[in-house]
Amino acid sequence: MRNLRHRGSFAEQCLRSRIHSLGFRFRKDYRPVTELRCAADLVFRRQLVCVFFDGCFWHGCPRHFRVPRSNSAWWLEKIEDNRARDKRQTRQLRTRGWTVVRVWEHEPIERAAGRIVKALGTTS
Ligand SMILES: [Zn+2]
């Protein structure tokens with residue numbers, strides 16, 4: 001788990017520098033909408049695009065999330081809550097005119113970068 005999170009943040013760094021090298025500027029770990037208590041990992045204020053990096057474990061990836069053997073009921077509830085929160089936040093941002101890109105930890109960096117650039121291109 002600790003390992004996965006670490007790898008996640010490394011992939012996140014690679015993706016960030018990739019986007020940066022393409023000339024896009026963004027804020028890190030920033031609240032796109034002040035009244036929503038939700039910080040996105042990358043926020044492009046001009047284009048109204050925000051990006052979330054979702055770890056496969058904590059965000060309950062359909063491909064990789066496995067319920068831990070001990071305290072499984074507790075974990076299941078915890079991860080379900082996280083998934084519900086992710087959905088809610090995405091919806092709240094979209095209704096306010098934001099384009100939301102959610103990137104799974106397992107997603108290849110080039111593919112994720114492509115999706116982000118596409119979102120930026122269609123809104124500018
Ligand atoms: Zn995954």
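The values are calculated or read from the model by the stated rules, or taken from the named source; none is laboratory data. All of these numbers come straight from a predicted model, not from anything done at the bench. Positions of Cβ are backbone-derived with ideal geometry, glycine not excepted, and every protein chain shown enters the neighbour counts. Side chains included, ligands, DNA and RNA excluded: accessible areas come from the protein's heavy atoms. Shrake-Rupley method; radii C 1.70, N 1.55, O 1.52, S 1.80 Å.
Taking the numbered list (1) farther than 14 Å from residue 12 by Cα; (2) part of a strand (DSSP E or B); (3) open to solvent by 30 Å² or more (accessible area, probe 1.4 Å) in turn, residue 29 passes all entries but (1).
Any residue in the stretch 9-27 that is among the small types (Gly, Ala, Ser) sitting within a Cβ distance under 9 Å of a residue that is open to solvent by 40 Å² or more (accessible area, probe 1.4 Å)? List the pairs, counting only those 6 or more apart or interchain. Final answer for the pair search is 11/106; 11/109. Cβ-Cβ distances below 7 Å connect the following pairs, each with a first residue in the stretch 52-66 that is at negative phi, a second residue that is among the small types (Gly, Ala, Ser) and more than 9 Å from the ligand (Cβ to nearest atom), and a separation of six or more residues or different chains: 52/40; 53/8; 55/8. Taking the condition more than 14 Å from the ligand (Cβ to nearest atom), touching a residue at least 24 places away in the same chain (Cβ under 8 Å), under 15 Å from residue 24 (Cβ atoms) and within 14 Å of the chain's Cα centre (by Cα), does residue 117 pass? When the stated conditions are applied, residue 117 does not pass them. For residue 20, the criteria (1) touching an Asp or Glu at 6+ places or on another chain (Cβ under 9 Å); (2) assigned to a helix (DSSP H, G or I) hold in every case but one, which is (1). A single member of 50, 38, 14 is over 12 Å from the mean Cα position of the chain (by Cα) and either modelled with pLDDT of 95 or more or more than 16 Å from the ligand (Cβ to nearest atom) (or both), and it is 14. Tell me, please, whether a residue that is in contact with a Leu (Cβ under 9 Å, 6 or more places away or on another chain) and over 19 Å from residue 81 (Cα atoms) can be found in the stretch 50-60. Yes, there is a match, as at least one residue in the stretch 50-60 is in contact with a Leu (Cβ under 9 Å, 6 or more places away or on another chain) and over 19 Å from residue 81 (Cα atoms). Among the residues of the stretch 70-91, those identified as more than 24 Å from residue 16 (Cα to Cα) and either at pLDDT below 95 or of a type in the set (S, T, N, Q) (or both) are 70, 71, 72. Yes or no: the stretch 2-25 includes at least one residue that is under 19 Å from residue 121 (Cβ atoms) and open to solvent by less than 40 Å² (accessible area, probe 1.4 Å). Taking every residue of the stretch 2-25 in turn, at least one turns out to be under 19 Å from residue 121 (Cβ atoms) and open to solvent by less than 40 Å² (accessible area, probe 1.4 Å). Identify all residues within the stretch 70-101 that are β-branched (Val, Ile, Thr) and closer than 11 Å to residue 60 by Cβ; write none if there are none. Matches in the stretch 70-101: 79 only.
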